[in-house]
1. Give the span of segment B:203-331's Cα atoms along each principal axis, as three whole-Å numbers ordered largest to smallest.
2. Express the C-alpha Rg of segment A:138-258 as a ratio against the empirical globular expectation 2.2 N^0.38 Å, rounded to two decimals.
3. Could you size up the charge dipole of segment A:138-296 around its Cα centre, putting +1 on the beta carbon of Lys and Arg and -1 on that of Asp and Glu, and report it in debye to the nearest 20?
4. I need to check one value: relative contact order of chain B, counting alpha carbon pairs closer than 8 Å and at least 6 residues apart, in percent.
5. Tell me which residues come under 5 Å, amide H to amide H, from A:Leu59 once H is placed; ignore anything under 5 positions away on its chain.
6. Over all directions, average the projected area of the Cα convex hull of segment B:270-310 and note it in nm².
7. Return one number: the angle in degrees, 0 to 90 and rounded to the nearest 10, between the long axis of the Cα atoms of helix B:298-313 and the longest principal axis of the Cα atoms of chain B.
8. Computed from the mean reciprocal separation of all distinct C-alpha pairs, what Kirkwood hydrodynamic radius does chain B have, in Å?
Amino acid sequence: MTTLVQTLLSGILVGGLYGLFSSGLTLIFGITRVINFAHGDFVTLGMYGAVLLYATLGLSPLIGIFPVAVGSVLLGLVVYQVIVRRTFQIKGISAVDAMHGQLVLTLGVSILIANGLLMAFGPSPRSVTGVLSDVYQVGGIYISQSRLVSFVIALVAFLLLYVALMRTLYGKAIRATVDDRDMAAMVGIDPNKVYAVSFSIGIMLTGIAGCVLATYYPVTPTTGASFLVIAFVTVVMGGLGNVVGAFLAGLLVGVIQQMTAVYVDVSLQFAGLFIAFVLVLVFRPQGILGGGRAHA
Amino acid sequence: MSTFNARRAVDLARTTPIFGTAVLIVVASLPLWFIQTRFILSVATLTLIFMAASLGWNIISGFGGQISFGHSIFFGVGAYTTVLLQTNYGVNAWLGVVVGALLAVAVGLFLGWVTLGLRGIYFALATFASTLVFAILTGHFDEFTGGEVGLTVPLLGDDPANFSFANRLWYYYIALILAALAFLVCHLVLRSRLGLQLRAIQADQDAARACGVMAFRVKLTGLALSAVIAALAGAVYIQYVGFIDPHSAFGAAVATQIAVIAFVGGAGRLWGPVLGAVLLVPLQQLLNSGLAAYPSGFNLVVYGVVILVILLMDPRGIMSMPWARWWWRMRRRRPEHGPGRDLPSAPSDRAEASAVSGPGGQS
């Protein structure tokens, strides 16, 4: 029983971070329709950002969130303006071709980031050690401080995003574009601007998630590949473009992963997840949470 | 590539045999005048192997438009089957190659049965997740597969009956035959009913079904054909390199490599994977050895930049770039085309598509 509760809890705690970077991906996909194959590597970049800030300036990842967030926004803007936008600009390109182009281009970005990190930091795992290292014990269940704090940060960041989407004018413009981009354009919402903003906000959330994840998860340059698939699993489960769904599905994905790790085999934790993913794709491609229509 | 374009296929089909044979003769003669060192030989062999795998990918993903990021599954199944049969059961390596191809078809049919109902990006994601599952499972069940450590092909010396040659040139010619066969299959598919149906599905699946194309069955056939070629490439790869591990068989790097080669050359174009492989594989090998003095990762950074630059020039790949279109026009040499064919204001693909029903379309 204790094991079960312990597993559930650690699944939910790590799932909050999955939820955060997946809501970044779903924001990007729901609005720009760009499949960002470099998404996992943006998580890794956030993690290395935390490691770097801690190692050079002694900055705790909790404060490091802010520079990492700013850096992620800028990076997101650059990637959008230089790479993604290009695919919309070719004369006579069909929508499908543009999508495939984005796929391979973001894949190129992924190769670039992963190997740039390999060059800079080497292949061995790095992590931020000695920050938030307390462990609480409540009724036989252990909760590490870093996991708890990370989860709270993820929750706060997600709620901020939610409020921004629901209450601000930009948020409304973004939701309008998700619902019907042609209509949104007709009432004066510049799609290009909305794309750029949502792309960089998506990357920002991802960077923040990576930054706090670094407090307990060791990072290597190739960690990104598994985060990428986790993000896709989560996004599809939550329903593409559904931000709330993505966050909730993130928790579920965290639990599935931890359950497989504890009850089946640690080395199979991702396999269980990916198989669940294929099953969800086949049986409920519209997502397991909510109805068919995507909403922010 | 997405524009359904019967005219272009017909035109190319006419000149491809001559042009293809010429290329084949040149490539076959390379060892006589160009391949002087072991390194060049190895690069050329790997180029041909990946060219074959990518040509196979092109059938379902290029012609059929079902983008797969899981062809490494077939590549890996082909590779693992032959070496596992060889080491565990003492089966002849050539027979293992055939068994590997058949097994890949079985895997492809099952995978296709599960995932081919998915549209567009969902299929790509499902295949990508599947190949990672294969990688994890192969690493996990290590008593059978050798686990993360990988497997080594037994050293047999010069034993042609068992796919083992002392003279490395043999592998080059085997890879060449494989690539040529893959190209021939692609060429025939493109001309056949199957190719036409695949391309119709690629252009608009609903419209194709309305015209009586059994979309699911056609896609399944395409995937199976595609799997055979990728599996054969994997089998030749392992016999040539002599070593395989889960990452180099099923990993994300191989999965994307096969697709990226085709995308860079031009997915859905007959010559796309050929061009892509000739460009990217030697580039990668040269960077691997040439930049060995730099921190590891630099070679792939350069590789990534090259891919980005090419695709930023045209996201549809090299075959869609202006010079390639010029090259086509030269090869086609069809004077009966009306002057209205290449309207400067209209996108060229559309213009050619409309020419099918135009007065110049009676070919």
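1. 58, 38, 25
2. Taking the Cα Rg and dividing by 2.2 N^0.38 Å, one obtains 1.23.
3. Numbers: 8 positive and 5 negative charges, 48 e Å.
The calculation lands at about 240 debye.
4. Details: 557 pairs, mean separation 108.6, N = 363.
Relative contact order of chain B: 30 percent.
5. A:Tyr54
6. Values: hull surface 11.1 nm².
Orientation-averaged projected area of the Cα hull: 2.8 nm².
7. Taking Cα atoms only, the helix is inclined about 10 degrees.
8. Details: mean 1/r = 0.0472 Å⁻¹.
Answer for chain B: a Kirkwood hydrodynamic radius of 21.2 Å.
Where a number appears in this text, it was derived from the coordinates with a stated rule and is not lab data. Note that the structure is predicted; figures quoted are calculated from it, not measured. So basically every Cβ, Gly included, is an ideal-geometry build from the backbone, and we count neighbours across all protein chains shown.
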